[in-house]
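Following: one structure in structure tokens, then a few remarks.
Nothing in this text is a laboratory measurement; each read-out follows from the coordinates by a stated rule. Every value quoted in this text rests on a predicted model; they were computed, and no experiment measured them. As a convention, Cβ positions derive from the backbone with ideal geometry for all residues, glycine included, and neighbour counts pool all protein chains shown.
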Amino acid sequence: MKCNRCGAEYQGNFCPSCGAPAEIQPPTPPQNPAQPYVTPPKPQKPKKPIYKKWWFYGIIVILLIVLVSAVAGGQKSVKIDWSEMVLGQQLPEPPGKKGEIYENSADMLHLDIRKVTDAQYTAYIDACKEMGFTVDPQAESSTYDVHNSAGYKLHLSHYDSKGDMGIQLEKPMEMTRITWPTGKAGRQLPLPKSMTGRFDYEYADKFCVYIGNTDRAAYDAYVQACADKGFTVDYDKGDFEYRASNAGGWLLVLKYEGYNIMSIDLSLPEDAADQDTTVAPKTETTKPTTTEKQAQSDGVRADFKAAMDSYEAFMDEYVAFMKKYKANPSNAALIADYAKYMKKYTAMCDTFEKWEGEDLSAEEMAYYIDVQARVSKKLVEVTAE
């Protein structure tokens, strides 16, 4: 080592030249001092992506089931035995064996046939023609309306190239001699040539009636008579329908239904001005029939009984429709008819309830209560399903 004082080289604890003590060198620390042992953490297992977990696929399956159910909602199918259709003998057998039946009675046959192509739909129309359904045909792109010589009314529909084909067959409409409305609504229109018909509903500011014995020429003449009466505001005239308002806001819809039947639907919208400046037309005066005399002598007025019977007849029709609608709420034709039935339902209920405030005889009150009980029972059937 080298002396720090004199610079002499020596070995030992003291310098032999100057006696200076040797400089004590601190020990050299080890290159890798021992560190306390720490347990290394366990390597973490990499997480599976969410799409590789078993429950993820379970959720996907459930969502697919819900989606398919929503798309195919109401598409319940049953095997259709055409020999069991009450009115089936009036029509050719349809191309499919699967579908849904809404009504199968002596009054109406209404069902859907599944998976019908455009070619099959066209062929079925031709087959119906061969069986006599050729009276007053009304063909649209997706519907076909026609009667046969006996008065049966057929409505066919096909809205999808491989979708359902709707079949609705109604028995001939029953009509009797009617009395033209003498209230505010009736005074808006000219009298039709025929007084044979059937009211759907009737009260002061609206009514709907079917008029029989009215061919196409008579229908066209009545359309012109209504136009001459002032129903030309915002008019829309088609081959089988005329729609227009008058200056007072009354809305008129005339339709040629086929088989010498015309429908008249007149109403006054709520936002229209409440005014009545028309002159009452001359009404036909006829002697009471034997039936009317009997009804009056029994303590039940003929107009009261007619109103009650019309109300109950409509409610039968309404209940049948609501059953069909609840069974298949996605059906386009039923959705289109829903608003029409709601309008008629409100009108008929208003008419029925107005009679409650009248001075009814004991016989009329009993008849009123019986009708009300029967209708209530039928309405419960709809809500309970």
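Data overview
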{"quantity": "Overall form of the stretch 78-170 per C-alpha gyration tensor (a/c, 1.5; a/b vs b/c)", "calculated": "oblate"}
{"quantity": "Difference of contour (0.36 nm per residue) and Cα-Cα distance, T196 to C6", "calculated": "53.4 nm"}
{"quantity": "Distance in nm between pseudo-label sites at T134 and R216 (7 Å out along the Cβ direction from Cα)", "calculated": "1.5 nm"}
{"quantity": "Highest to lowest packing among 83-90, 164-171, scored as the average C-beta count within 10 Å", "calculated": "164-171, 83-90"}
{"quantity": "Rough spin-label spacing in nm, given labels placed 7 Å along Cα→Cβ, for I335 and A225", "calculated": "3.9 nm"}
{"quantity": "Per-residue HN-Hα couplings for the stretch 251-261 [Karplus 6.51, -1.76, 1.60; θ = phi - 60°; Hz; x = Gly/Pro]", "calculated": "9, 10, 10, 10, 9, 8, 7, x, 6, 6, 10"}
{"quantity": "FRET efficiency estimate (nearest 0.05) - Cβ-Cβ, K377 to A247, R0 56 angstrom", "calculated": "0.80"}
{"quantity": "Residue-span extension gain [I101 to K326] - 0.36 nm each, minus C-alpha spacing", "calculated": "79.8 nm"}
{"quantity": "Fewest-first ranking of I125, I261, using other Cβ atoms within 10 Å as the exposure measure", "calculated": "I125, I261"}
{"quantity": "Net charge of neighbours whose Cβ lies under 14 Å from the Cβ of A313, counting Lys and Arg as +1 and Asp and Glu as -1", "calculated": "-3"}
{"quantity": "Sum of side-chain charges, P181 neighbourhood, beta-carbon under 12 Å (Lys, Arg +1; Asp, Glu -1)", "calculated": "0"}
{"quantity": "Gain upon complete extension [S83, S161; 0.36 nm per residue less C-alpha separation]", "calculated": "25.4 nm"}
{"quantity": "DSSP-defined antiparallel bridges as percent of all bridges, the stretch 156-281, nearest 5", "calculated": "100 percent"}
{"quantity": "Counted charge near L266, where neighbours are those whose Cβ lies closer than 12 Å (Asp, Glu -1; Lys, Arg +1)", "calculated": "+1"}
{"quantity": "Cα-projected label distance for A302 with T179, points at 7 Å along beta-carbon direction, nm", "calculated": "0.7 nm"}
{"quantity": "Length-normalised contact order of the stretch 78-170 in % [C-alpha pairs under 8 Å, at least 6 apart]", "calculated": "26 percent"}
